[in-house]
């Protein structure tokens with residue numbers, strides 16, 4: 001299967017220690033405490049969408065989701081089309097929302113529901129993989145649309161000021177995100193030739209860490 005790969009790395013806030021991006025390289029003998037989740041953030045950046053990685057101790061309990069795609073929530077669109085796998089209520093009033101962005105909003109909400117069933121929330125996510133297909137008629141996957149949707153659910157709180165950062169949807173003016181969340185998962189995003197369901201353009205899987213009890 002032909003793939004174009006674009007790797008993006010990030011991290012999550014799960015009540016753990018936040019550290020500059022160079023700390024791990026300088027401390028070659030460092031090892032996470034058994035129950036520690038340590039997030040490696042880029043130096044000097046207060047609102048990165050992603051970070052340099054996440055280290056977990058040997059006793060950290062984790063949860064791995066399956067790959068989740070969008071639900072068919074737009075009955076006005078023909079079956080099997082990308083438009084079918086959107087939820088018009090999520091993008092109501094927004095202009096310029098791409099089909100990938102609209103699907104990703106549904107996927108990320110499905111991820112939230114999946115996590116909650118396991119006793120977790122998006123704030124507990126430490127790794128994420130996203131698979132994108134290019135929309136019909138496009139030359140490549142819509143990374144920009146995916147990233148806008150991602151910021152609606154992740155990485156939308158400034159880590160220095162703790163202020164919520166407005167997020168644009170499509171070409172509309174930035175507004176408060178759909179879900180306020182500090183988490184920056186270690187993330188990979190890649191273009192794939194096909195996905196399991198006809199009409200899907202987005203599929204996401206996550207790993208989440210249970211908070212220390």
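Among what's in segment 183-209 and is part of a loop (DSSP other than H, G, I, E, B) and in contact with a helix residue (DSSP H, G or I) (Cβ under 7 Å, 6 or more places away or on another chain), pick the residue that is nearest to residue 127 (Cα to Cα). Going through the qualifying residues, I end up with 183. The strands (runs of 3 or more DSSP E) found wholly in segment 1-96 and carrying at least 2 residues that are surrounded by fewer than 17 Cβ atoms within 10 Å (Cβ to Cβ), within 18 Å of the chain's Cα centre (by Cα) and modelled with pLDDT of 90 or more occupy 62-64.
Within segment 153-162, count every residue that is touching a helix residue (DSSP H, G or I) at 6+ places or on another chain (Cβ under 7 Å) and either surrounded by fewer than 19 Cβ atoms within 10 Å (Cβ to Cβ) or within 16 Å of residue 70 (Cα to Cα) (or both). Residues that pass the stated criteria total 1. Within segment 170-213, the set of residues being under 24 Å from residue 95 (Cβ atoms), buried (at least 16 other Cβ atoms within 10 Å of the Cβ) and touching a strand residue (DSSP E or B) at 6+ places or on another chain (Cβ under 7 Å) comprises 177, 201, 202. I'd like to know if segment 158-167 contains one or more residues that are farther than 30 Å from residue 34 by Cβ, touching a strand residue (DSSP E or B) at 6+ places or on another chain (Cβ under 7 Å), assigned to a strand (DSSP E or B) and in contact (Cβ under 8 Å) with a residue 24 or more places away in the chain. Among the residues of segment 158-167, not one is farther than 30 Å from residue 34 by Cβ, touching a strand residue (DSSP E or B) at 6+ places or on another chain (Cβ under 7 Å), assigned to a strand (DSSP E or B) and in contact (Cβ under 8 Å) with a residue 24 or more places away in the chain, which makes the answer no.
Against the criterion of being surrounded by fewer than 21 Cβ atoms within 10 Å (Cβ to Cβ), closer than 20 Å to residue 169 by Cα and modelled with pLDDT of 95 or more, residue 115 does not qualify.
Tally up the residues in segment 126-147 that are surrounded by 21 or more Cβ atoms within 10 Å (Cβ to Cβ) and without any contact (Cβ under 8 Å) to a residue 60 or more places away in the chain, please. Qualifying residue count for the region: 3.
The values are calculated or read from the model by the stated rules, or taken from the named source; none is laboratory data. All values derive from a computational prediction rather than experimental measurement. Here Cβ is always computed from backbone atoms with ideal geometry, including for glycine, and neighbour counts include all displayed protein chains.
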